[in-house]
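**Student:** This is the structure, below, for whatever I ask next.
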Amino acid sequence: MTPRIRRRSTQPHLSLWRNLYTATIIPVLLLCQNIAFAKLFESKKRKLARLHAELAKLEEERLEHLVVLFGYEFDKLGFYTATSIFLVLFVASIVQLSRSRRKWKRLAVFGGADSTMSQSTEYRKGWMSSKRNISLLIATAIFSYYVIFNLGRATKYNVDYNKPRKRGSSVDTQRFVIVLGTYELDETTFYSLLVTSIVVLVALGYNIGIVCRKLQEKRSQNQQTTKVNAFPKEDDVIDVIVVDCGLPKKDIGWFHLMQFLDMSNINVRAVVEPFYLDKAKCPQPPQSFLDLVSVLQDLDVKCVKSLGQLDPCQRQTLCVLAGRTDKNPQYFRECIGLGATHIYLEPPGAVSVGELKTMSNVANVRGVQVYMGYHKTCSPYIEKAVTLSQSIPKSHVFFCHNENYFKQDLHRALIRHPEGMVRSMASQELAVLVTQFGVTTDSVKAFKVNTNKLFSEKQSFCNKANGIEVSDFSRVAFKIVTTNGRSVSVMADRCGGVVSFAVVKSIAGKEIKKFLSPDGDSASRIEHELRRDTEMMHQFTIEGEDYMELKRRVVDSILGKEGDSKSSRSVISIQDGIEVLRLSNYCTQEIESVLE
């Protein structure tokens, strides 16, 4: 039998691929099969251990980009950005506040003794200088941005990887902003940094402008640089002494003090408090008063119990008498003996017309100018009503003055104003009648009281301090007709609420226009402040702007800067105050005779 000859393969490459498959592919498949088999049949313990290890690795990678604070997780870049922005804004706010001596005064007085700032020369030459402010701002900004780009770990931008990322990816490039061609920042972070930079630049520009202005003044005047916090020149500064200050947020003397501290051309020289500063009368003053004294001492304001403890006045001085009406004549004489050039007298000024006349004569002999604190004459709603009524012949004006007492607190109003409602509250409108309409007791032709209890009512109260029963009006309403035909009505209500008003009517009794105070947004703001600060006397909040405007006009009158005739008429002298008190006594007698 012929042997079979084995032929050689005519396709050698098939043999090569077969060998390659046998050597590589089959082992890989077997390895994958083993791995899959191992995971499929691995024990529960090993599987849990493997999953825990993978979760721990993922958690570690996640925490690298987070900051944990008080148990809360924050993005690291966003956290350090917000922190540094807050720091920059805080420093900028401190720098801005440091430029205003008046704001620091007010902040210190309301914030307590720990937040006080001294107004001494060393204080004004200390850390609040403009050059130090500029250095502080620059250092704060550099530090803040260093924190953001280092501790925050701003992401490096890869120039090669600039293709848009897929919608399904975890990061969307459209929410990022490229900074300096190097860093990619989230949009929120970027705009926060931009706003902070603007704040820093504005603060820097403000302080640089101050430095430039000082250098210019130094070159032009060849004298010591004028500080922003410095007082105006001495001729335009008035010393003020507040007599009978009382308690913070409770007494009118304290309120006058706060407003005078807020005026740039006023130097509060001293505060006289005869009760709380006298250890024999008050061994343990309230803590609020002690805090006030501490703040005033830091502001170089003397606090004494009597005017006799003060040195004589060396320049023009305004003494503010804010005590009880029966004590005003004594304080008045002491202030004149001290050398006061001007006196601000709280209405009605004295218990009787005779005492007020005596005080006026003494002031005339000594050349002292006396102002009465009838602040309603400066109220915008009253000025508008007076102007309109004077332009309409034979028009009638109705003034309604409301206060915000509760019925159960009426006895406190009587204790605070023992002279009576008409002489204290309604006298504000009577002062308008005297100065703007020329009403006097001699010019009254007819006096009519509205006896309806909704408009006029007299009540009796027991003074718990001495057990004596006292009576006074809780509300009154009356109409005055003068000999020249002028008709004016006045209503005052202790419990009338926040809003007072004035109405101008035609001769036929038709309302022409009504003016409110406060009106619109002011009323909402005042009601919010009354709810927020329940310790403050309500009338301080409601009529604060009127009090401040009267002080401005008094100071302008002292400095010879009076404006129009209307402003000068609203500043009432003691001679007008005598006529107001006489008219108040007349109205009180007429109302009592009708109601009884």
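**Student:** Determine the relative contact order of the range 470-596: mean sequence separation of Cα pairs under 8 Å and six or more apart, normalised by residue count, in whole percent.
**Tutor:** Answer for the range 470-596 is 11 percent.
**Student:** Can you give the FRET efficiency to the nearest 0.05 for residue 46 and residue 135, using r as the Cβ-Cβ distance and R₀ = 51 Å?
**Tutor:** E between residue 46 and residue 135, to the nearest 0.05, is 0.20.
**Student:** How big is the convex hull of the Cα atoms of the range 283-417, per residue, in Å³?
**Tutor:** Considering the Cα atoms of the range 283-417, their hull volume per residue is 207 Å³.
**Student:** Take the alpha-carbon centre of the range 257-290, take the same for the range 337-375, and report the distance between them in whole Å.
**Tutor:** 22 Å
**Student:** If each residue of separation counts as 0.36 nm, what is the full-extension length gain between residue 406 and residue 212 once their alpha-carbon separation is subtracted?
**Tutor:** Computed gain between residue 406 and residue 212 is 64.2 nm.
**Student:** Here's another thing I want to ask about it. Please report the accessible area of residue 417 (heavy atoms, 1.4 Å probe, ligands and nucleic acids excluded) in Å², nearest 10.
**Tutor:** Probe radius 1.4 Å; accessible area of residue 417 about 50 Å².
**Student:** Let me ask you something else. State, to one decimal in nm, how far the label point of residue 300 lies from the label point of residue 561, with both points 7 Å from Cα in the Cβ direction.
**Tutor:** Those two pseudo-labels are separated by 2.1 nm.
**Student:** Among rounded, prolate and oblate, which fits the range 426-582 when a ≥ b ≥ c are the square roots of the eigenvalues of its C-alpha gyration tensor, a/c under 1.5 means rounded, and a/b larger than b/c means prolate?
**Tutor:** Rounded is the answer for the range 426-582, as its axis ratio a/c remains below 1.5.
**Student:** Which of the three applies to the range 424-515, rounded, prolate or oblate, going by the alpha-carbon gyration tensor with a ≥ b ≥ c and a/c under 1.5 meaning rounded?
**Tutor:** Here the range 424-515 falls in the prolate category.
**Student:** Once fully extended, how much extra length lies between residue 469 and residue 87, figured as 0.36 nm per residue of separation less the alpha-carbon to alpha-carbon distance?
**Tutor:** In short, 131.5 nm is gained.
**Student:** Answer rounded, prolate or oblate for the range 332-380, using the Cα gyration tensor with square roots of eigenvalues a ≥ b ≥ c: rounded when a/c is under 1.5, else prolate when a/b is larger than b/c, else oblate.
**Tutor:** oblate
**Student:** Also, quick follow-up: At a probe radius of 1.4 Å, what is the per-residue accessible area of residue 543, in Å² to the nearest 10?
**Tutor:** 10 Å²
**Student:** Ignoring ligands, DNA and RNA, what percent of the 1.4 Å accessible area of the range 425-517 is carbon and sulfur?
**Tutor:** It is 49 percent, rounded to a whole number.
**Student:** Quick one: length gained pulling residue 330 to residue 573 fully straight, 0.36 nm per residue minus the C-alpha distance?
**Tutor:** 85.6 nm
**Student:** If you don't mind, there's one more thing I want to ask. From the Cα trace of the range 522-565, what convex hull volume per residue do you get, rounded to a whole Å³?
**Tutor:** Given the Cα convex hull of the range 522-565, per-residue volume reads 85 Å³.
**Student:** Something else about it: Quote the charge dipole size of the range 350-494 about the Cα centre in Debye, to the nearest 20; the model charges only the Cβ of Lys and Arg (+1) and of Asp and Glu (-1).
**Tutor:** Computed about the Cα centre, the dipole is about 220 debye.
**Student:** Let me check something: with ligands and nucleic acids excluded, how do 581, 201, 89 order by accessible area (1.4 Å probe), largest to smallest?
**Tutor:** 201, 89, 581
**Student:** Let me ask something additional. Sorted by packing (mean other beta-carbon atoms within 10 Å per residue), highest first, where do 251-264, 358-371, 277-290 land?
**Tutor:** Averaged packing, sorted descending, gives the order 251-264, 358-371, 277-290.
**Student:** Note down the nm distance, to one decimal, between modelled labels 7 Å out along Cα→Cβ at residue 508 and at residue 534.
**Tutor:** Between residue 508 and residue 534, the simple spin-label model gives 5.1 nm.
The values are calculated or read from the model by the stated rules, or taken from the named source; none is laboratory data. Here the structure is a predicted model, which means the values were calculated and not measured. Every residue, glycine among them, receives a Cβ derived from its backbone with ideal geometry; neighbour counts consider all protein chains shown. Just so you know, the surface numbers come from the protein's heavy atoms only, side chains and all, with ligands and any DNA or RNA stripped out. Shrake-Rupley method; radii C 1.70, N 1.55, O 1.52, S 1.80 Å.
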